[in-house]
Amino acid sequence: MPSPATRSFDPPAGPLTAVVDGDVTRALGIPYARAERFAPPEPVPATTEPYPATTPAPVAPQRSSPAVDQLLPPMDLQVDEHCQRLSVTVPSDVRPDERLPVMVWIHGGSYVIGGGDLPIHDPRDLVTEQRVVVVTVTYRLGVLGFLGDGETVPANLGLLDLVAALRWVHENIAAFGGDPDTVTVFGQSAGGDATAHLMISEGARGLFRRAIVQSAPLGLSRGRARMTRAVLRAVGTIGPDTPLDEVLDRQVRGERAGGVFGLAGAMPFGTQYGHAPLPAERDTDRAWRAVAPEVDVLIGSGSDETGMYVPMIPGVRTLARWRPARSLLRWLVVRPLSEVVYGRDVRRFAARHRAAGGNAVAYRLLRGATATPTGAVHMSDVPMLLGGREAWVGSRFVPERDWPEVDRRGRALRAVWAEFARTGRVTAADDETIAFDRG
């Protein structure tokens, strides 16, 4: 079998060899930082030997999620604790002197699962249709990335990884035909939450011009200190040599301890205010106001976000097979919970941003990629932006019969996202799929 075609790039971080994959070229699994367990990320020294950027980034250590496994196709995950890698996808005909908009994708997964280079995050269609550069980032998760007391173990290590990745992009992306002054960070779910918090992270200011915050559970981000203390006690002390299996077992203990704290317990690991790089919780409003004039924001959620979880609850799943019960569940459970966890804070965030002199567009996803469950549920937007047919068809999200419609709506949504990345404006949309409030 012939070897795949390659192409060389020469960024300041050091020369590398990328893979030519038809109409896109992929520089895969580039180390953007390095860190020992529970240590902040440090820059990777520049090299002179070409780095073979031909293997996707590994994922951070994680347990499988039975709930998510019900919805997504099986994926072969290569795991590595040293997962600080990113991948750059560009049009294959990009010229070195081009300055294309750059879109940096931060994956979701409740800060405990996922990875930047999973097949469902393949940016090929976004890159080829919209002629942008897409960077997908992998970062530390769970106990190893989003738990710490701030004294013996730093908090927010995964967020610090993301700041390091953005710094790498700022310094190196021009060598791939990207414009370091037109960088948009976009992320969904926990990735959207991280995107919003990168706006107020020390060291990230000036590294990106725009932010797209998709289905961020901002309603769960406040008042977490007591729960975090309980999770820390349950996890106990983890040393530098503790085996990964034991680390993940301890993480499960932490998840159980967080589960008694109501809705917040649905995401027991996450950003911690008052620890680098984030301000104290009482200062977050002021911090977001201060950066508002510098960062354009597109922020929104789906109409039925929590509907994704209904089929995962055994008793409710049985009830939901009865059509009148589905409608009742939607109006009495799904819509109110979606508002509390996702929707309400979209409006607050956008209003605060505008009042502070920033440009903010709020959106509401009205239709998703799914046939069952119905409505614009959590993750409905991802098949329309990333992954493509091969990654999604056959999953619970996209039955085979639905792909032509998903593809049609996806082209429209990708055009909107890319236009915002270029200009900070939204001027067109498929009104059946999404509605905008431009303020």
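The values are calculated or read from the model by the stated rules, or taken from the named source; none is laboratory data. None of these values were measured; they are calculated from a predicted model. When we count neighbours, we look across all protein chains shown, and the Cβ atoms used for this are built from the backbone with ideal geometry, even at glycine.
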Answer yes or no: is there a residue in region 348-359 that is in contact with a strand residue (DSSP E or B) (Cβ under 8 Å, 6 or more places away or on another chain), at pLDDT below 95 and of a type in the set (A, V, I, L, M, F, W, C). no
Which one of these does Thr48 not meet: (1) more than 22 Å from Gln251 (Cα to Cα); (2) assigned to a loop (DSSP other than H, G, I, E, B); (3) touching a helix residue (DSSP H, G or I) at 6+ places or on another chain (Cβ under 6 Å)? (3)
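Return the only residue of Pro383, Pro314 being over 21 Å from Ala211 (Cα atoms) and either modelled with pLDDT of 65 or more or not polar (S, T, N, Q) (or both). Before the answer, list the steps.
Details: Pro383 fails: over 21 Å from Ala211 (Cα atoms).
Result: Pro314 is the single residue among Pro383, Pro314 that is over 21 Å from Ala211 (Cα atoms) and either modelled with pLDDT of 65 or more or not polar (S, T, N, Q) (or both).
Can Met267 be described as more than 21 Å from the chain's Cα centre (by Cα) and touching a residue at least 40 places away in the same chain (Cβ under 8 Å)? Before you say what the answer is, go through the steps one by one.
Details: more than 21 Å from the chain's Cα centre (by Cα): no; touching a residue at least 40 places away in the same chain (Cβ under 8 Å): yes.
In short, no.
Among the residues in region 397-416, are any in a loop (DSSP other than H, G, I, E, B), buried (at least 18 other Cβ atoms within 10 Å of the Cβ), of a type in the set (A, V, I, L, M, F, W, C) and at negative phi? Reasoning before the result, please.
As a first pass, look at region 397-416 and keep what is in a loop (DSSP other than H, G, I, E, B): 397, 399.
Cutting the leftovers down to buried (at least 18 other Cβ atoms within 10 Å of the Cβ) gives us 397.
This time we only want the ones that are of a type in the set (A, V, I, L, M, F, W, C), so: 397.
From the residues that got through so far, the ones that are at negative phi too are 397.
Yes, region 397-416 contains at least one residue that is in a loop (DSSP other than H, G, I, E, B), buried (at least 18 other Cβ atoms within 10 Å of the Cβ), of a type in the set (A, V, I, L, M, F, W, C) and at negative phi.
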Counting just the residues of region 364-376 that are touching a helix residue (DSSP H, G or I) at 6+ places or on another chain (Cβ under 8 Å) and either at pLDDT 85 or above or assigned to a helix (DSSP H, G or I) (or both), which one comes out farthest from Ala292 (Cα to Cα)? Ala376
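Name every residue in region 203-217 that is surrounded by 19 or more Cβ atoms within 10 Å (Cβ to Cβ) and either farther than 20 Å from Gly108 by Cα or in contact with a Ser or Thr (Cβ under 9 Å, 6 or more places away or on another chain) (or both), in order of residue number. I'd like the intermediate steps shown before the answer.
Within region 203-217, the subset surrounded by 19 or more Cβ atoms within 10 Å (Cβ to Cβ) is 204, 207-217.
Result: Leu207, Phe208, Arg209, Arg210, Ala211, Ile212, Val213, Gln214, Ser215, Ala216, Pro217.
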Flag for Val333 being at pLDDT below 85 and part of a helix (DSSP H, G or I): yes
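Scan region 35-72 for residues that are within 20 Å of Ser189 (Cα to Cα) and more than 19 Å from the chain's Cα centre (by Cα) and jot them down. Can you show your working first?
Taking region 35-72 first, the residues within 20 Å of Ser189 (Cα to Cα) are 59-72.
Pro66, Gln70 - these are the residues of region 35-72 that are within 20 Å of Ser189 (Cα to Cα) and more than 19 Å from the chain's Cα centre (by Cα).
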Result of the Cβ filter at 9 Å on region 113-141, keeping first residues that are over 12 Å from Gly387 (Cβ atoms) and partners that are assigned to a loop (DSSP other than H, G, I, E, B) and aromatic (Phe, Trp, Tyr), at least 6 apart or interchain, is Gly116/Tyr139; Val137/Tyr32; Arg140/Phe146; Leu141/Tyr111; Leu141/Phe269
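Return a yes/no flag: does region 245-267 have any residue that is at positive phi and not in a helix (DSSP H, G or I). Talk me through it step by step, then tell me what you get.
Taking region 245-267 and keeping what is at positive phi, we get 262.
Of the ones still in play, those that are also not in a helix (DSSP H, G or I) are none.
No, because not a single residue in region 245-267 is at positive phi and not in a helix (DSSP H, G or I).
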Which condition does Arg34 not pass, out of (1) touching an Asp or Glu at 6+ places or on another chain (Cβ under 7 Å); (2) closer than 23 Å to Ala276 by Cβ; (3) surrounded by fewer than 17 Cβ atoms within 10 Å (Cβ to Cβ); (4) in contact (Cβ under 8 Å) with a residue 60 or more places away in the chain, if it passes all the others? (4)
